[in-house]
Amino acid sequence: MENEKNEKKYTFKNMLTLVISASALTCVVLCFIFLTIIGAMKNTDSDRGPGFITPNRGTSDRNAISGEAGEFFDLLEVIDERFIGAFDLSEITDAAMRAAVESLDDDWSYYMSREEYEEFMANSNNQYRGIGVEVVIDDDTEGMKILGVYADSGAGRAGIVIGDIITAIDGESIIGLSLPEIRIMLRRDIGETARITVLRESGVYEDLTVTYDVVYTNPISFMMLDNNIGYINLRNFEEGSAHKFIDAVNELITQGAVSFIYDVRSNPGGRVGEVTGILDFLLPEGEIFITVDRSGVERITESDASFINKPAVVIVNEFSYSGAEFFAAMLCEYNYADTVGTQTTGKNRMQTTIPLPNGGAVHISTGHYLTKNRVSLFDVGGFTPRYIVEMTDDEMMLFHRRQLEMEEDPQLLKALSLLTNP
């Protein structure tokens with residue numbers, strides 16, 4: 001999960017001014033120094049290996065940083081003065097920063113270029129750039145089959161519907177291409193259009209003009225099942241998920257829901273504030289989130305006394321990650337919900353995203369978190385649901401394609417049975 005943005009970043013404005021006014025090579029060096037200082041000053045992760053700078057940094061540590069940056073500058077001088085070919089300093093900067101963060105050997109920390117950071121921020125706000133469809137490669141035609149169309153998207157406005165199969169883009173066939181290759185063909189600036197050929201379920205081909213735009217996605221979907229069981233699928237815990245989740249629960253209660261299924265399978269997690277907002281809404285008074293800094297100091301978030309007093313079941317799988325597995329673990333520890341599925345990923349580190357002078361950012365581990373019972377999900381290998389229900393490979397494939405019917409979903413069926421036959 002991602003912590004709130006660290007406000008200390010604004011104390012580095014003077015360095016940013018230097019970067020803007022420096023020469024090209026010096027800009028690269030200053031960006032490298034900036035990243036090094038950020039990693040040294042702001043990484044408050046308490047799980048570290050040997051050789052890292054300690055919290056109590058002295059003059060010798062700062063000299064070490066300067067010395068390492070000087071060695072990097074020496075390398076750049078050699079490239080600038082001796083290299084026979086052409087080179088791009090911005091690419092060198094990106095490569096150096098990416099390598100610096102990768103050297104931390106932390107699965108959850110990574111560097112983002114300007115373009116990657118822009119995409120990351122959009123995804124964190126439950127939006128992305130595209131035409132607004134969920135797709136899969138069709139087994140029969142090898143085209144791109146439409147599984148979902150987002151509301152108010154370029155695809156929706158152009159008339160693309162679920163079941164259509166995209167076979168060509170701007171007159172060029174996509175048959176046999178991979179999804180990444182097709183996405184590259186579709187990529188363009190906001191407001192630009194593409195001519196997309198679709199094969200309708202009726203067997204008719206049709207050319208449609210689709211606008212590439214910012215697409216807003218809804219992280220929450222819900223429905224009423226038999227026996228007045230409210231079903232809520234939480235796709236992520238990014239921006240707006242808590243508000244939409246609360247609206248979904250209240251709407252289902254208005255419709256007569258007497259119990260709930262919360263489905264966080266393949267949920268990649270998200271923002272701490274969104275997770276705690278949902279836990280505060282559901283759970284009674286008590287501790288709902290414990291963060292621990294590198295010094296071992298705990299910071300505790302608590303729920304108020306109001307809560308939703310309805311039986312519930314949470315469904316998880318091996319792709320339930322970070323905030324999703326924490327959500328399930330907390331509902332379990334409060335004896336608020338039964339749990340069904342398979343053991344989750346196992347992550348307990350939280351990250352802070354820090355913008356850098358070159359327009360990119362570093363997403364770096366700054367602490368770890370524990371459940372109410374002080375359990376580290378990483379140390380125990382993930383959250384283990386009370387009822388282990390496996391899926392076959394075919395069922396899992398259909399589930400991820402959103403083609404698994406409810407009556408054929410063994411994990412959902414188990415959750416339903418727990419609420420209908422307590």
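The values are calculated or read from the model by the stated rules, or taken from the named source; none is laboratory data. Quantities reported herein were computed from a predicted structural model and do not represent experimental measurements. Cβ coordinates were reconstructed from backbone atoms using ideal geometry, including for glycine residues, and neighbour counts include every protein chain displayed.
For the structure I just gave you, tell me whether residue 208 is over 19 Å from residue 401 (Cβ atoms), of a type in the set (A, V, I, L, M) and under 23 Å from the mean Cα position of the chain (by Cα). Even if it seems obvious, please write down each step before you answer.
Values: over 19 Å from residue 401 (Cβ atoms): yes; of a type in the set (A, V, I, L, M): yes; under 23 Å from the mean Cα position of the chain (by Cα): no.
When the stated conditions are applied, residue 208 does not pass them.
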The residue that is nearest to residue 97 (Cα to Cα), considering only those in the range 321-377 that are modelled with pLDDT of 90 or more and among the charged types (D, E, K, R), is 325
Here are 133, 149: which of them is under 19 Å from the mean Cα position of the chain (by Cα) and surrounded by 15 or more Cβ atoms within 10 Å (Cβ to Cβ)? 133
Quick one: residue 308 ticks every box in (1) modelled with pLDDT of 90 or more; (2) farther than 30 Å from residue 229 by Cβ; (3) surrounded by fewer than 23 Cβ atoms within 10 Å (Cβ to Cβ) except a single one, so which number is it? (2)
Report whether or not residue 154 is in contact (Cβ under 8 Å) with a residue 12 or more places away in the chain and either surrounded by 13 or more Cβ atoms within 10 Å (Cβ to Cβ) or under 27 Å from the mean Cα position of the chain (by Cα) (or both). yes
Could you grab the pairs with beta carbons closer than 9 Å, sequence gap of 6+ or different chains, first residue in the range 72-84 and closer than 19 Å to residue 99 by Cα, second one in a loop (DSSP other than H, G, I, E, B)? 79/87
Just to confirm my filter: which helices (runs of 4 or more DSSP H) fall fully inside the range 309-422 and include at least 2 residues that are in contact with a Pro (Cβ under 9 Å, 6 or more places away or on another chain)? 323-333, 410-420
Cβ pairs under 7 Å, 6+ apart, first in the range 393-418 and farther than 24 Å from residue 149 by Cα, second outside any helix (DSSP H, G or I) and aromatic (Phe, Trp, Tyr): 414/387
Identify, by number, the condition in (1) surrounded by fewer than 19 Cβ atoms within 10 Å (Cβ to Cβ); (2) within 28 Å of residue 405 (Cβ to Cβ); (3) of a type in the set (Ser, Thr, Tyr) that residue 173 doesn't meet. (2)
Quick check on the range 363-373. Is at least one of its residues over 30 Å from residue 295 (Cβ atoms), touching a strand residue (DSSP E or B) at 6+ places or on another chain (Cβ under 9 Å) and not assigned by TED's automatic domain parsing to the domain that holds residue 106? no
Checking residue 315 against (1) crowded, with 22+ Cβ neighbours inside 10 Å; (2) closer than 22 Å to residue 239 by Cβ, which single condition isn't satisfied? (2)
